[in-house]
Structure formats: C-alpha cells, structure tokens
Amino acid sequence: RELLDRDTFSKSDPLCVLYTQRPGSHQWREFGRTEVIDNSLNPDFLRKFVLDYCFEERQNLRFDLYDVDSKSPDLSKHDFLGQAFCTLGEIVGSAGSRLEKPLTGIPGKKCGTIILLAEELGNCRDVATLQFCANKLDKKDFFGKSDPFMVFYRSNEDGTFTICHKTEVVRNTLNPVWAAFAIPVRALCNGDHDRAIKVEVYDWDRDGSHDFIGEFTTSYRELARGQSHFNVYEVVNPRKKMKKKKYLNSGTVTLLSFAVEAEHTFLDYIRGGTQLNFTVAIDFTASNGNPSQPTSLHYLSPFQLNAYSLALRAVGDIIQDYDSDKMFPALGFGAKVPPDGHVSHEFPLNGDASNPACRGIAGVLEAYQRSLRRVQLYGPTNFAPVVNHVARSAATVLDGSQYFVLLIITDGVISDMAQTKEAIVNAAKLPMSIIIVGVGQAEFDAMVELDGDDIRISSRGKVAERDIVQFVPFRDYMSGGPGAGLSMAGLAREVLAEIPDQLLSYMKARGIKPPPVPPMPPETPP
C-alpha cells in the first residue's frame, strides 16, 4: 500500500522479492519473486510463496520491493522501493495471520506498508467416516449365501487405480451391513473432490480366489451428499451385462451415513486466536555458586551472557511471537529476599508481587540481573511452588483461548521431588506445558524422570493424563565461539519441539475446536 512512485510518466511497476536465512546463518538467500504488477502503487500480488513452517525455529524473512524498469533479472538494474523484516512466527502469530509492516530502507522517505498473509496448506486434513450396506447381491456360493466385502480404489492422474480401503467380510448374507470406517480424505481422492472412486464388491472365499460380484463408481463430492437417493448404487458386473440382455444389476449398495471431521493443527488454534503465555522461573539456589565468582552459573560477565541468560533468550525469542502483549511473568526460587531475608520459592524478579510481568525478553533479562544483586542465593531447590503458581493462572482459562508455557532454568539439584510430581500430575489436566533447561555439570537424573518420555510421571497412584514436561541439558548445546548462535537455535528447537503436540493433546482431551477463522479481510482499498 502507498508505495513510492519512481516513474516519471506513469506509476511504479512493483515486484516483491522474498529472502530467507538458513537456521544459524546470517546470510540472506533469495527464495522467490512475485509477478510484476504494472502501474500500481497499491499492488495485490497473486503469486504465493510456500515455506515449511517450524514452530521451534526462528525463521527470519526479508521482503524487498522494486520498481521494475526493464526485462533484466538483475535487481540492481531496477529502483529499490523499500523493505521489511519479520519472522514467519510473527505472521502466523498475528490476529488472523495477517501482519502489516511499514516499508523502510530509503532515508527520509515514507515507503508505504506491506501486508503479509499466511495460511496453512493442507486443505486435506479431513477424515471422512462412511458406512455402507448392500441389498440383493448375487448369490455366489453353492451352499449358503455369499460372504460379501468391498474394495475401494482412488483414481490417479494417469487413469490407473490405487487401492485405499477394504471393508471387513460379512458372512453368509446377500444383504450385508458393513461397519462404519474412517479414512483420510487424501487417501480416498487425493484432495480432488471430483475424482472417480471405484468400488468393487466380492464374495470372499477361504482359498483366496474371491468371486467378483460387481462394481460401481462414485466421487467424494457424491458421497459427501450423505444418505440420499443419490447414494444408492447399482452393482454391475460388466461381463454379465454384455452377455445377458435382461441383466439389470447384481444388487445395490447404499451409503448409510457420511461425516467428515478436520484433524486440527497447532496453527488452526494459533490463527483462531489462542495465545501462548510464557512464564520464566529461575533457580537462585546456593548450589549455583557465588554470583561474584566467574565459576558461578550466575556470574554476570561484561563480555558474554551466562547460561541462564542464553537459555532464556533462545527460548523466549521464539515464543514471544505467539504472545500478543509481550508481557512475561518472571519468578525466582530458592533465595533469601529483602526486606527481611525470608526464603522464597516464587518471588517476582521485578520486585512487584502483584504483577511479576516484565516487558519483553529484554525486560526479563534486566529484572534477572537486578535480582541477582538484591537477593541472597540459598535453598532448598523447590519446583512445586512455581509450577503451582502457573497452574493457578492456567486453571482460570480452560476454554482454549490461552495456553501456558513455564520455562524453569535450574542447576538441577531438586529437593521437593514428591511435591513437584504431585504438582505436575495436577497441571497435566490444565492448558500448560513445562520446559526445564538444566544448566551446569550436575547429574540430571531427577529431571529426566520428570520429563516422563520413557515412563509417564505419576504421584500417589495417579498418572499424569498428558506428558507436559520437556527437559534439555544446556551443556549439550554449549559451544562458545562462532557456532554459538547455531547451538542456541538447536537448544530452542529441542526445547520447543513438543509444545505444538502438547497443546493439541489438551485441546483434543477437552474437545475444544479452534474458532473458525474470519475470512481473509477484504483488502483495505487504497
């Protein structure tokens, strides 16, 4: 919208170029170009870019606009109209997955705005449930009636057929009712609703030489009409039809019921407005070492971030794209806090007990560094209070509009294992996930047990209904030097990889469907 006009006699002829970066690299590579739109300062580009989306990665994007003056593919031969930077997470995390950004890059000029829309491909996550019966099928067995079953085939582009479903055999009847079955729409018609679906009906024989009774064809669009006179099919044996003039059919097959349900994805919920609420809890126990000593895990060096700050940045930078207010509650545990020096296991890093939220990841880092100077590292290491703190918030919004993620950064020596397990088992019923990053060189056996990937966690005989804990040792990703950025991306990937499925498991267990996304807003007229 409102692009600069670079042409003397007519309006600009804009083109948009998308650049991406490989994970951990700062180098921009051209990903693709839109078509050129002639004579327009308010172009709506048609060409779409198809990218792989990874929740757990920071996917940087850059959009450059040019006014095209000739047929040359060399961009330096055209006028630059401005650019915008964002992440893919920012676009999908915006309301309705629509992001508007000002174009910049030409000093002293307003370059207009760019509107970015994202939608998830995969119109084909639908699963159809069908049930059929048949009437008066041909009798094929010498003794007794037929034992019918059906075989479904989808047609391919080249006219061949691929088997996609076989019903069970119903014994000794010419009027079978088959059990309902569920099949992905993709498998049934490859996403093309008008493509032919061929169905063959057989009489089952023990020796495998099943007798062909007849066949019919239909399509997904036909079947989707549900139970009606359209969905009664004559089963025809072409050989019989050729031989006998009076042959009508070898029976009929009727569709009894049809239902289709979408398999929802993580992005369906994000687009529908679900917000991720991110809370950080930091371990201030004495086992971390005296913060004024360089050996301490909490040592604040003027030259580099410590492990706590690095882990916080790696995870926070990605998750913040999905949290519209960018306010993050930050807590500490295991320290003696002013004014009276009592030991606290859930103190606000910003010093404000009524509102522990900090502005942005930068605000959390600042509050963390301030607290280090204010509190005295102590002990024991109790996780249960911060888990319960977030669980109390999560328990107030069970409708799927919010999902809570608690990041605990710890040196891993836990004192309240039984209480923490109890807290996690209770939290597993709520819309929340827990990420634990272990820093330092300790043995993290207890953390691995909490992770529950191998053995689901339980407390007092109650088993957690979902797996909501992900544990990652920071040292696996600790490489100083030039590769450090890459290893932090690896840490974030490992830590966040399970969140989308954990969110889905909560929504599914509660039967929460994503709200329908309002249709793409009609473009604002220039």
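Here are the numbers for the structure shown:
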read-out: The range 51-71: number of residues that are within 30 Å of residue 405 (Cβ to Cβ) and without any contact (Cβ under 8 Å) to a residue 60 or more places away in the chain; value: 7
read-out: Count of residues meeting criterion [in a helix (DSSP H, G or I) and open to solvent by 40 Å² or more (accessible area, probe 1.4 Å)] in the range 384-416; value: 4
read-out: Some residue of the range 337-349 being assigned to a loop (DSSP other than H, G, I, E, B), open to solvent by less than 60 Å² (accessible area, probe 1.4 Å), of a type in the set (Asp, Glu) and farther than 20 Å from residue 442 by Cβ; value: no
read-out: Residues within the range 255-295 that are closer than 28 Å to residue 328 by Cβ and among the acidic types (Asp, Glu), tallied; value: 2
read-out: Sole exception among (1) open to solvent by less than 30 Å² (accessible area, probe 1.4 Å); (2) of a type outside the set (Val, Ile, Thr); (3) more than 21 Å from residue 351 (Cα to Cα); (4) touching a residue at least 24 places away in the same chain (Cβ under 8 Å) for residue 419, by number; value: (1)
read-out: Test: residue 438 is buried (at least 18 other Cβ atoms within 10 Å of the Cβ), at pLDDT below 90 and closer than 15 Å to residue 383 by Cβ; value: no
read-out: Per-region count, the range 305-327, residues in contact (Cβ under 8 Å) with a residue 12 or more places away in the chain, outside any helix (DSSP H, G or I) and open to solvent by less than 40 Å² (accessible area, probe 1.4 Å); value: 1
read-out: 1 or more residues of a type in the set (Phe, Trp, Tyr): qualifying strands (runs of 3 or more DSSP E) within the range 87-204; value: 126-135, 148-155, 161-166, 181-184, 196-203
read-out: Odd one out for residue 295, checked against (1) outside any loop (DSSP other than H, G, I, E, B); (2) open to solvent by 20 Å² or more (accessible area, probe 1.4 Å); (3) over 23 Å from residue 183 (Cα atoms); (4) of a type in the set (Val, Ile, Thr); value: (1)
read-out: Residue among 450, 486 that alone is surrounded by 14 or more Cβ atoms within 10 Å (Cβ to Cβ), modelled with pLDDT of 85 or more, within 26 Å of the chain's Cα centre (by Cα) and not hydroxyl-bearing (Ser, Thr, Tyr); value: 450
read-out: Residue in the range 75-96 that is of a type in the set (Phe, Trp, Tyr), farther than 30 Å from residue 267 by Cβ and either crowded, with 20+ Cβ neighbours inside 10 Å or under 25 Å from the mean Cα position of the chain (by Cα) (or both) present; value: no
read-out: Residue within the range 365-375 that is of a type in the set (Gly, Ala, Ser), assigned by the TED database to the domain that holds residue 329, part of a loop (DSSP other than H, G, I, E, B) and open to solvent by less than 10 Å² (accessible area, probe 1.4 Å) present; value: no
read-out: Hits in the range 227-237 (condition: modelled with pLDDT under 95 and out of contact with any helix residue (DSSP H, G or I) (no Cβ under 9 Å at 6 or more places or on another chain)); value: 227, 228, 229
read-out: Answer residue from the range 232-291, given it is in contact with a Cys (Cβ under 9 Å, 6 or more places away or on another chain) and either among the polar types (S, T, N, Q) or open to solvent by less than 50 Å² (accessible area, probe 1.4 Å) (or both) and is nearest to residue 433 (Cα to Cα) among those; value: 280
read-out: Where a residue in the range 25-50 is within 21 Å of residue 12 (Cβ to Cβ) and its partner, wherever it lies, is open to solvent by less than 60 Å² (accessible area, probe 1.4 Å) and of a type in the set (Val, Ile, Thr), with Cβ under 7 Å and at least six apart; value: 30/17; 33/17; 36/68; 43/37; 45/34; 45/37; 47/34
read-out: Failed item, numbered, when residue 146 is tested on (1) assigned by the TED database to the domain that holds residue 257; (2) open to solvent by 20 Å² or more (accessible area, probe 1.4 Å); (3) modelled with pLDDT under 95; value: (2)
read-out: Matching residues, the range 174-210, being among the charged types (D, E, K, R) and either at pLDDT 95 or above or open to solvent by less than 50 Å² (accessible area, probe 1.4 Å) (or both); value: 195, 198, 200, 203, 205
read-out: Count of residues meeting criterion [assigned to a strand (DSSP E or B) and out of contact with any Gly (no Cβ under 8 Å at 6 or more places or on another chain)] in the range 251-279; value: 12
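Okay, residues lined up against (1) β-branched (Val, Ile, Thr); (2) part of a loop (DSSP other than H, G, I, E, B); (3) at positive phi:
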{"position": "8", "(1), (2), (3)": "yes, yes, no"}
{"position": "19", "(1), (2), (3)": "no, no, no"}
{"position": "30", "(1), (2), (3)": "no, no, no"}
{"position": "40", "(1), (2), (3)": "no, yes, no"}
{"position": "44", "(1), (2), (3)": "no, yes, no"}
{"position": "51", "(1), (2), (3)": "no, yes, no"}
{"position": "57", "(1), (2), (3)": "no, yes, no"}
{"position": "65", "(1), (2), (3)": "no, no, no"}
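Okay, residues lined up against (1) of a type in the set (Ser, Thr, Tyr); (2) under 20 Å from residue 214 (Cα atoms); (3) touching a helix residue (DSSP H, G or I) at 6+ places or on another chain (Cβ under 6 Å):
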{"residue": "148", "(1), (2), (3)": "no, yes, no"}
{"residue": "162", "(1), (2), (3)": "yes, yes, no"}
{"residue": "182", "(1), (2), (3)": "no, no, no"}
{"residue": "185", "(1), (2), (3)": "no, no, no"}
{"residue": "198", "(1), (2), (3)": "no, yes, no"}
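The values are calculated or read from the model by the stated rules, or taken from the named source; none is laboratory data. Bear in mind that the values here come from a model prediction, so they are computed numbers and not experimental data. Positions of Cβ are generated from backbone atoms using ideal geometry, with glycine treated the same way; all protein chains shown enter the neighbour counts. Quick note on the areas: whole protein, heavy atoms, side chains included, nothing else; ligands and nucleic acids left out. Shrake-Rupley method; radii C 1.70, N 1.55, O 1.52, S 1.80 Å.
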